[in-house]
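The values are calculated or read from the model by the stated rules, or taken from the named source; none is laboratory data. Remember, it's a predicted structure, so these values are computed and weren't measured experimentally. Neighbour counts are summed over all protein chains in view; Cβ atoms, including those assigned to glycine, are modelled from backbone coordinates with ideal geometry. Just the protein is used for accessible areas: all its heavy atoms, side chains included, with ligands, DNA and RNA removed. Shrake-Rupley method; radii C 1.70, N 1.55, O 1.52, S 1.80 Å.
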Amino acid sequence: FGGGEMVQRKRYDPSQGQHPHHQQQQQQQQQMQLIPDQSYLAERADAMTEIEGHILELGEVFNRLGSLVEDHREMTERLRENVDDAMENTEMAHQRLMRTFNQLTSGRSLTYKISAILFFFFVFWVVFLV
């Protein structure tokens with residue numbers, strides 16, 4: 001052929017051990033074992049996406065829970081203030097009732113009231129009936 005280079009083919013040499021084709025298959029198998037299974041990687045990616053979604057959902061739940069706790073705290077403070085106001089009003093009412101009771105049960109006040117009523121009836125009897 002035209003004076004070019006001669007292509008040499010490797011021939012199977014039994015002293016070298018394995019056939020070249022067989023060696024190539026073994027190397028490919030080893031490389032395939034090193035490359036993870038694509039379906040496994042896809043499953044892992046899907047699982048991670050699902051976990052991420054759950055984490056985001058939990059974050060939202062905790063945010064809502066935090067706002068509910070804050071609202072509850074505000075309602076509790078308002079309730080405490082209302083109870084304190086009611087207690088003060090009850091104490092004031094009790095004091096006023098006690099003053100009124102003491103005034104009604106005092107002899108002088110009662111005597112003046114009875115005298116005023118009797119005087120009114122006497123004047124009424126004298127002016128209109130006699």
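Any chance you could run the full-extension gain for residue 123 through residue 63? It's 0.36 nm times the residue separation minus the Cα-Cα distance, nm to one decimal.
Roughly 13.5 nm would be gained on extension.
Taking all protein chains in place and a 1.4 Å probe, what share, in percent, of the accessible surface of region 32-106 do carbon and sulfur account for?
61
How far apart, in nm, are the 7 Å Cα→Cβ label points at residue 39 and residue 85?
Inter-label distance under the simple model: 7.0 nm.
Report the extension gain between residue 71 and residue 102 in nm, rounded to one decimal, defined as 0.36 nm multiplied by the number of residues separating them, less their alpha carbon distance.
Length difference between fully extended and current span is 6.5 nm.
For region 67-122, what number results from the quotient of the Cα radius of gyration and 2.2 N^0.38 Å?
Its radius of gyration relative to the 2.2 N^0.38 Å reference: 2.24.
Let me check something: with ligands and nucleic acids excluded, how do 109, 115 order by accessible area (1.4 Å probe), largest to smallest?
Correct descending sequence by accessible area is 115, 109.
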